[in-house]
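The values are calculated or read from the model by the stated rules, or taken from the named source; none is laboratory data. Just so we're clear, the structure is a prediction, and the values are computed from it rather than from any experiment. Every residue, glycine among them, receives a Cβ derived from its backbone with ideal geometry; neighbour counts consider all protein chains shown. Quick note on the areas: whole protein, heavy atoms, side chains included, nothing else; ligands and nucleic acids left out. Shrake-Rupley method; radii C 1.70, N 1.55, O 1.52, S 1.80 Å.
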Amino acid sequence: MEKTSRDPAMTDVARLAGVSHQTVSRVLNNHPNVREQTRLRVKAAIKELDYRPNRAARALVTGKTQLIGVVAQNSTLYGPASLLSAFEEAAGEAGFAVSVGRVKVLDRDSIAAAVERHRDQRVAGIVVIAPNSSAADALADVPAGVPLVTVDGDPDRSTPLVTVDQATGAFEATKHLIDAGHETVWHVSGPADWFDAAGRVQGWRAALDATSAEVPPVVAADWSAASGYRAGQMLARMPEVTAVFCSNDHLALGVLRAMSERGRRVPHDVSVVGFDDVPEAAYFIPPLTTVRPDFAAVAHETLGLLLEQVSDGETTRPRRTVAPTLVKRDSVAPPPR
């Protein structure tokens, strides 16, 4: 197409691609409800015209920036940190910058204040990584009409939500141990007020119920290796314990250390499975069988759900779960005979 003296506009792209300017806008915003053939046609027109969206003009017209606000706890926990990193990457690929509002504690006042700071920045939408009940309570204060998605939040709330399918991951981990021949599986849980931990308890119990196995009492812990070590010291003194499912890999690391100190070999005497597949899990002694969440898929689902609200003011499917994968390594074997 012959180029004009002015810069190409969105209407020029629409005309060349044979679509409406709304469709071009949806492609630019990475909206999920665009046919792939149409998306490719629009992208080809953008490339041919060398079209560049005028982000500043869009902000003046809409009152919104190409900025997404994220509220997250100031934490080094592997799951939330990995989710945040994956979301920043997905947003960048879609042409959005990310402003992260970190809070020291996930309480109502801290999260509400972080949300208000993002609104002052005129962000296009807000993502809240809300893994526990106090964080979820704060979302009731967000004004209606603000595009908002929670990640790993309360499944009983009406807020649009994207989460790893914790229960399915825990079910598969527990079933793997039962299939190896263990009569039952003990569980070292995460904090009781975390939705991730509750979902993993649910999946663990469902797997035992499905096989009519005895359901031992939950061994309560936090997310740390030290907490797993303390739980492992108790479990190591119980000869009837031959299989342990831990709510994350750091708990599993502590259990491995405690078992080793008591002379109980993993997996010959006790099998152990974790959750998260931290980068070090393959290098534990023995390499740890664990459940790997797909953080990149969670990030893309979250972005798509948020952009649906930004573009249309509503969502077509406000609940989205992403299945994790069981990663089998050397920490599981049949029980001792």
Reported set for region 133-146 where residues are surrounded by fewer than 22 Cβ atoms within 10 Å (Cβ to Cβ) and of a type outside the set (Ser, Thr, Tyr) is Asp137, Ala140, Asp141, Val142, Pro143, Ala144, Gly145, Val146
Could you pull out the residue among Ile126, Ile111 that is in the same structural domain as Ala72 (by the TED database), surrounded by 22 or more Cβ atoms within 10 Å (Cβ to Cβ) and more than 28 Å from Arg26 (Cα to Cα)?
Ile111
Are any residues in region 240-296 over 14 Å from Val332 (Cβ atoms), polar (S, T, N, Q) and surrounded by 24 or more Cβ atoms within 10 Å (Cβ to Cβ), and if so, which ones?
Ser247, Asn248
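Among the residues of region 273-280, is there at least one that is touching a helix residue (DSSP H, G or I) at 6+ places or on another chain (Cβ under 8 Å), more than 20 Å from Ala86 (Cα to Cα) and free of Cβ contacts under 8 Å to residues at least 12 places away in the same chain? First the steps, then the outcome.
Start the filter on region 273-280 by keeping residues that are touching a helix residue (DSSP H, G or I) at 6+ places or on another chain (Cβ under 8 Å), which leaves 273-278, 280.
Right, trim to more than 20 Å from Ala86 (Cα to Cα) and you get 273-274.
Okay, now just the ones that are also free of Cβ contacts under 8 Å to residues at least 12 places away in the same chain, so none.
No, region 273-280 has no match at all.
Within region 100-155, how many residues turn out to be of a type in the set (S, T, N, Q) and free of Cβ contacts under 8 Å to residues at least 40 places away in the same chain?
So the count comes out to 2.
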Thr316, sole failed condition from (1) outside any loop (DSSP other than H, G, I, E, B); (2) at pLDDT below 95
(1)
Between a first residue in region 29-44 that is closer than 20 Å to Ala91 by Cα and outside the structural domain of Glu314 (by the TED database) and a second residue that is open to solvent by 100 Å² or more (accessible area, probe 1.4 Å) and among the acidic types (Asp, Glu), which pairs have beta carbons less than 8 Å apart while being 6 or more apart in sequence or on different chains?
Asn30/Glu93
How many residues, within region 201-254, are in contact with a His (Cβ under 9 Å, 6 or more places away or on another chain) and either in contact (Cβ under 8 Å) with a residue 60 or more places away in the chain or assigned by the TED database to the domain that holds Pro80 (or both)?
5
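Please go through region 307-326 and pick out each residue that is open to solvent by less than 20 Å² (accessible area, probe 1.4 Å) and in contact with a helix residue (DSSP H, G or I) (Cβ under 9 Å, 6 or more places away or on another chain).
First, pick out the residues of region 307-326 that are open to solvent by less than 20 Å² (accessible area, probe 1.4 Å): 307-308, 320, 322.
Result: Leu307, Arg320, Val322.
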Candidate set from region 166-184 (those that are within 13 Å of Ala197 (Cα to Cα) and not hydrophobic (A, V, I, L, M, F, W, C)); member that is nearest to the chain's Cα centre (by Cα)
Gln166
Give me the residue from region 166-200 that is charged (D, E, K, R) and open to solvent by less than 40 Å² (accessible area, probe 1.4 Å) and, out of that set, farthest from Pro335 (Cα to Cα).
Asp196
